[in-house]
Amino acid sequence: MNQTYSRSDSKVEVKGLEARYYDALMNFITGGTYPIFIRQVVRDMAIQPEDAILDLGSGSGRNACLMARYLSGEGRIVGLDIEPEMLEQSRRRCQHLSNVTMEKQRIEEPLSYRDEFDKAFISFVLHGFVQEDRLRIVDNVYRALRPGGQFLILDYGEFEPEQSFWPVRFAFRHIECPLATDFVRRDWRAVFWRQGFGDFQVHRYYFGYVRLLGAKKLDVKRETNCHEN
């Protein structure tokens with residue numbers, strides 16, 4: 001934790017060719033397993049038909065379309081992204097879904113939502129921000145969720161990159177931004193607890209290097225219990 005990072009270290013904003021071919025790139029990086037993986041993640045989210053879901057950093061819209069399959073006409077998804085290429089893809093992909101909307105919005109800046117959503121989902125985005133901005137995002141989510149609503153974070157788990165399996169070690173040394181290393185070395189359940197979340201649930205993937213961490217907005221802060229699935 002002694003390393004100091006700045007916003008210039010971030011690679012969270014995907015642009016140009018990388019944005020246009022983002023889905024294909026994810027498929028390639030995961031050896032073609034990403035479509036199966038993300039479908040399992042969406043099943044593990046336990047989406048209810050009438051859920052209102054906030055998708056932070058909604059990207060190409062692939063995840064939103066998968067989540068929408070579990071919703072009735074009473075459910076809805078609001079996706080937020082900042083990159084024009086990503087928004088164009090997501091709006092085109094989800095245009096047949098009347099209960100899915102995509103908006104241009106920076107997720108680390110104040111959001112107008114208050115007690116509106118049952119779930120908030122963020123996928124491989126949080127690790128790309130400096131800690132100060134991560135806490136702003138978490139605070140935005142806390143305000144946007146209804147009491148008892150769930151924040152679902154799909155991202156790297158907690159581990160020491162230098163002691164990990166060699167492909168992971170290589171990726172963290174040469175591909176990922178330095179902020180990812182900072183992210184995996186933090187105790188995120190402790191962070192979320194301090195931010196008013198608890199009742200944690202964890203699903204693990206890819207030998208435990210990736211996880212879906214669920215954190216419930218508490219009625220009374222810091223009254224929590226933890227368990228894993």
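Paramagnetic label reach from residue 104 (point 7 Å along Cα→Cβ; backbone nitrogen cut-off under 20 Å): within segment 68-88, residues 78-88. Rounded to whole numbers, the Karplus 3J(HN,Hα) couplings from phi for segment 196-208 are x, 10, x, 6, 6, 10, 10, 10, 10, 9, 6, 6, x Hz, using 6.51 cos²θ - 1.76 cosθ + 1.60 with θ = phi - 60°, and x at Gly and Pro.
Remark: spin-label model distance residue 199-residue 27 equals 3.8 nm, labels positioned 7 Å along the Cα→Cβ axis.
Each other residue within a Cβ distance under 11 Å of residue 187 adds +1 if Lys or Arg and -1 if Asp or Glu, for a net charge of +3.
Taking every alpha-carbon pair under 8 Å whose residues sit at least 6 apart, the chain reaches a relative contact order of 18 percent. Phi-derived couplings, Karplus 6.51 cos²θ - 1.76 cosθ + 1.60 at θ = phi - 60°, listed residue by residue for segment 111-126: 9, 8, 6, 9, 6, 10, 10, 8, 9, 10, 10, 9, 10, 6, 10, 4 Hz, with x used for Gly and Pro. Applying 1/(1 + (r/R0)^6) with R0 = 25 Å to the Cβ-Cβ distance of residue 219 and residue 113 gives a FRET efficiency near 0.85. Once you divide the Cα radius of gyration of the chain by 2.2 N^0.38 Å, the number left is 0.96.
Can you tell me how segment 77-205 classifies by the Cα gyration tensor, rounded, prolate or oblate, using a/c under 1.5 as the rounded cut? Taking the square roots of the gyration eigenvalues as a ≥ b ≥ c, segment 77-205 is oblate. Counting only residues at least eight positions apart within a chain, or on another chain, the lysines with an alpha carbon under 16 Å from that of residue 119 are 216, 217.
Sorting 218, 154 from the fewest to the most surrounding beta carbons within 10 angstrom yields 218, 154.
Extension gain, residue 92-residue 173: 0.36 nm per intervening residue step, less the Cα-Cα distance, totals 25.6 nm.
Put a dot 7 Å past the Cα of residue 191, heading toward its Cβ, do the same for residue 146, and the two dots end up 2.8 nm apart. For residue 157, the residues whose modelled amide H falls within less than 5 Å of its own, excluding neighbours fewer than 5 places apart on the same chain, are 210, 211. For segment 45-115, what class follows from the C-alpha gyration tensor (a ≥ b ≥ c being the square roots of its eigenvalues): rounded when a/c is under 1.5, otherwise prolate if a/b is larger than b/c, else oblate? Verdict is oblate for segment 45-115. Annotation: the antiparallel percentage among DSSP beta bridges lying fully within segment 7-217 is about 40.
Read-outs: derived from the displayed coordinates by stated rules, not from any lab. From a predicted model like this one, the values you see are computed outputs, not experimental measurements. Positions of Cβ are backbone-derived with ideal geometry, glycine not excepted, and every protein chain shown enters the neighbour counts.
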